[in-house]
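> I'd like to ask you about the structure that follows.
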Amino acid sequence: MNIFFEQLSSKQTSIHKLDTRVKIISVVGFIFISSSLQSILGLAVGTTFIMIILKAVGTPFSPIVQRLAWVFLFGGALILVFPFITPGREISSWEVGNLSITATQEGIDKAILLFLRLLSAVLAVTLLNATTSFREIINGFRKLHMPAILVGIIEFTVRYFFVLGEELTRMKLARRARAYDLNQSIFNRKALKTIAQVIAVLFIRSMGRAERVYFAMLARGYGGESYGKEHQAIKRRERVQIADILWGIGFVCFTLSIKLLEAGGFIG
Amino acid sequence: MVNCIEVRDLFFSYEEGTQALKGINLDIKKNSRVAILGPNGAGKSTLLLHFNALNLPQTGKVRVEDLEVSKKTEKIVRTKVGMVFQDPDDQIFSMTVREDVSFGPLNMGLSSEEVVVRVESALRAVRIEDLADKAPYHLSYGQKKRVAIAGVLAMRPDIIIFDEPFAYLDPRGKKGLLQILGDLSEEGKTIVIATHDVDLAAEWADKIVVIQEGKVLAEGDKGILIDPYIIEQADLDFPTVAKIFKELPEDGDFFFPMTIEEAVSKIKRIIRRNN
């Protein structure tokens, strides 16, 4: 995990100290409920709720916003596309030659709804990352009896994501060293060809590395079994405390109450 | 001295058709320091993978201590022979150094108390106790190399194999690794390294094996490293110190230095004689 989140997760607020399993279940519960919300107001409340907790645990917003730039890009793309492909009440229209382009209110609402769903889910995961180290999250998954193969895949993905990132950086440097212009448009045929070749080489190298990693695991006696046996027995001091459960219930209940208010027609 | 590895008429071909080994015969004695030299593609790594049962003999035999390497014995062989890969990023994958070092002992089915003892002792042996709770991806290349070695030491194998151990290490990293290799040898471990660094081989090994095109071209003590025929055939180079003394006029002293230590003592002898 990157240093930014590692530093954040090393803080000692009451939310940082909560049991990891409770945090994982609460966040998953929040995402599950919030993604089923149909009203913009309900989702806005849910998103604000997460942002308040993030602020309370000392998370600086500006680096978070920078890291979530892709979410905003995605949201922008939705707003650019959805108003023109969703049928509904017309709010504006343009004539381009024989073509008539119409934007609808329903399309804009749908785009905002989807964007808020994505934002609230990503912020909830950010809250988990900001208050729990990656190692604790992995151990939390194990304690929640997530299949060892899945936990292993998550661990490997994160570990080798950085290794591949370093490899990509070295390849980028090597291209620059041979006078390649990194700022040229990706619609340039030569640039597209280079990018395709880089992806192909990275894929082939990843295959080679995967084989070497597997060999290195076999060399240390790996036989396909889970090696996290030490996590299976939960010690007394690791048991979930009443305070953890109360926090988890409160967190999920808040989100659930938004859903109930929405279902009752009080918001929407 | 007893052999701990015996290779007889070993042939090995990869699926795509490359014949990597073409009848290797080799004996490695217990508690020896062996350097396997050869150019790129000579078959060094392919041979090393047989010692750890990662490659199984297609034709011929490989014996590790009293076991013949086969599908049946591969797991036991891997507890007797540890392998440190060239790139530590291939070997280290856990979230912390401690977790990674415990990977091998846990696979061996040891009790958690024993695993803790072994991990601590392995970390101490490579002097990285202070890195135990760090994430491996924040470490330098040299530190990662030490973690990879600790991961193998924690399994307490009698034989340890290093594939290109000094590749990409800075001088400080090389010095530290040489010290670790020395310590392991003193503990009674058999160390086998694959390298094309003739200086390292001359400095460190007590047995040299030169491989070329999948065959053993020569084996013996470091004296074979100044044999022009062997060096030329194997696309290697003379040790740096030997290259200097080859250029000097004959002085009647037939001792040919190959290490810095030997060169210093020869130069002192020449100075004394001329005084």
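> Could you check the range B:146-182 and list, in sequence order, the residues that are in contact with a Gly (Cβ under 8 Å, 6 or more places away or on another chain), farther than 12 Å from B:Asp100 by Cβ and within 13 Å of chain A (Cβ to nearest Cβ)?
B:Leu153, B:Met155, B:Pro157, B:Ile159, B:Ile160, B:Ile161 - these are the residues of the range B:146-182 that are in contact with a Gly (Cβ under 8 Å, 6 or more places away or on another chain), farther than 12 Å from B:Asp100 by Cβ and within 13 Å of chain A (Cβ to nearest Cβ).
> While we're looking at this one, here's another question. How do the helices (runs of 4 or more DSSP H) wholly within the range B:188-275 filter down when requiring 3 or more residues that are within 30 Å of B:Arg156 (Cα to Cα): which remain?
Fully inside the range B:188-275 and qualifying: B:198-204.
> Here is a further query. May I ask you to list the residues in the range A:132-176 that are farther than 25 Å from B:Pro88 by Cβ and away from every other protein chain (no Cβ under 13 Å)?
A:Lys143, A:Leu144, A:His145, A:Met146, A:Pro147, A:Leu150, A:Arg175, A:Arg176
> Can I ask one more? May I ask you to list the residues in the range B:105-115 that are within 8 Å of chain A (Cβ to nearest Cβ) and in a loop (DSSP other than H, G, I, E, B)?
If the condition is that a residue be within 8 Å of chain A (Cβ to nearest Cβ) and in a loop (DSSP other than H, G, I, E, B), then B:Met108 is the only one that fits.
> Restricting attention to the range A:199-236, and to residues there that are open to solvent by less than 30 Å² (accessible area, probe 1.4 Å) and in a loop (DSSP other than H, G, I, E, B), which single residue is modelled with the lowest pLDDT?
A:Gly228
> Next question. Just to verify a result, which residue in the range A:116-128, among those that are of a type in the set (A, V, I, L, M, F, W, C) and over 10 Å from A:Val71 (Cβ atoms), is surrounded by the fewest Cβ atoms within 10 Å (Cβ to Cβ)? Write out each step before concluding.
Residues of the range A:116-128 of a type in the set (A, V, I, L, M, F, W, C): A:116, A:118-119, A:121-125, A:127-128.
Okay, now just the ones that are also over 10 Å from A:Val71 (Cβ atoms), so A:116, A:124-125, A:127-128.
Working: A:Leu116: 21, A:Ala124: 25, A:Val125: 14, A:Leu127: 22, A:Leu128: 20.
Out of the qualifying residues, it is A:Val125.
> Another question, if that's okay. In the range B:53-80, how many residues are within 14 Å of another protein chain (Cβ to nearest Cβ), touching a residue at least 40 places away in the same chain (Cβ under 8 Å) and under 19 Å from B:Asn31 (Cβ atoms)?
Of the residues in the range B:53-80, 3 are within 14 Å of another protein chain (Cβ to nearest Cβ), touching a residue at least 40 places away in the same chain (Cβ under 8 Å) and under 19 Å from B:Asn31 (Cβ atoms).
> Right, here's the next one. Taking A:Ala196 and the conditions (1) farther than 30 Å from B:His138 by Cβ; (2) modelled with pLDDT of 80 or more; (3) more than 28 Å from the chain's Cα centre (by Cα), which numbered condition does it fall short on, given that it satisfies the others?
Only one criterion is unmet by A:Ala196, namely (3).
> Within the range A:58-69, identify whether any single residue is surrounded by 15 or more Cβ atoms within 10 Å (Cβ to Cβ) and more than 28 Å from A:Lys11 (Cβ to Cβ), and answer yes or no.
no
> Now for a different question. Is there a residue in the range B:87-95 that is more than 10 Å from chain A (Cβ to nearest Cβ) and among the polar types (S, T, N, Q)?
As a first pass, look at the range B:87-95 and keep what is more than 10 Å from chain A (Cβ to nearest Cβ): none.
No.
> Now for a separate question. Looking only at the range B:170-209, count how many residues are without any contact (Cβ under 8 Å) to a residue 40 or more places away in the chain and under 19 Å from B:Asp237 (Cα atoms).
Number of matching residues: 1.
> With touching a helix residue (DSSP H, G or I) at 6+ places or on another chain (Cβ under 7 Å) and either acidic (Asp, Glu) or surrounded by fewer than 24 Cβ atoms within 10 Å (Cβ to Cβ) (or both) as the only criterion, which of B:Asp197, B:Asp163 stands out? I'd like the intermediate steps shown before the answer.
Values: B:Asp197 fails: touching a helix residue (DSSP H, G or I) at 6+ places or on another chain (Cβ under 7 Å).
When all the criteria are applied, what remains is B:Asp163.
> Considering only residues of the range A:129-162 that are closer than 16 Å to A:Val213 by Cα and under 15 Å from the mean Cα position of the chain (by Cα), which is most open to solvent (accessible area, probe 1.4 Å)?
Ranking the qualifying residues of the range A:129-162, first place goes to A:Phe161.
> Check every one of the helices (runs of 4 or more DSSP H) wholly within the range B:28-104 and list those with 3 or more residues that are open to solvent by 30 Å² or more (accessible area, probe 1.4 Å). Step through it out loud before you land on a result.
Working: elements: B:44-51, B:74-80, B:88-91.
Filter on the range B:28-104 gives B:74-80.
> Considering only the range A:72-93, I want to know if a residue exists there that is within 14 Å of chain B (Cβ to nearest Cβ) and surrounded by fewer than 16 Cβ atoms within 10 Å (Cβ to Cβ). Working first, answer last.
Keep residues of the range A:72-93 that are within 14 Å of chain B (Cβ to nearest Cβ), which gives none.
The answer is no; no qualifying residue exists.
> Restricting attention to the range A:34-52, which residues are aliphatic (A, V, I, L, M) and open to solvent by less than 20 Å² (accessible area, probe 1.4 Å)? So that I can check it myself, show each step before the final result.
So the first thing to find is which residues in the range A:34-52 are aliphatic (A, V, I, L, M), and the list is A:37, A:40-41, A:43-45, A:50-52.
Correct list: A:Leu37, A:Leu43, A:Ile50.
The values are calculated or read from the model by the stated rules, or taken from the named source; none is laboratory data. What you are looking at is a predicted structure, and each value in this text was computed from that prediction instead of being measured. Positions of Cβ are generated from backbone atoms using ideal geometry, with glycine treated the same way; all protein chains shown enter the neighbour counts. The accessibility values were calculated without ligands, DNA or RNA, using every heavy atom of the protein model including side chains. Shrake-Rupley method; radii C 1.70, N 1.55, O 1.52, S 1.80 Å.
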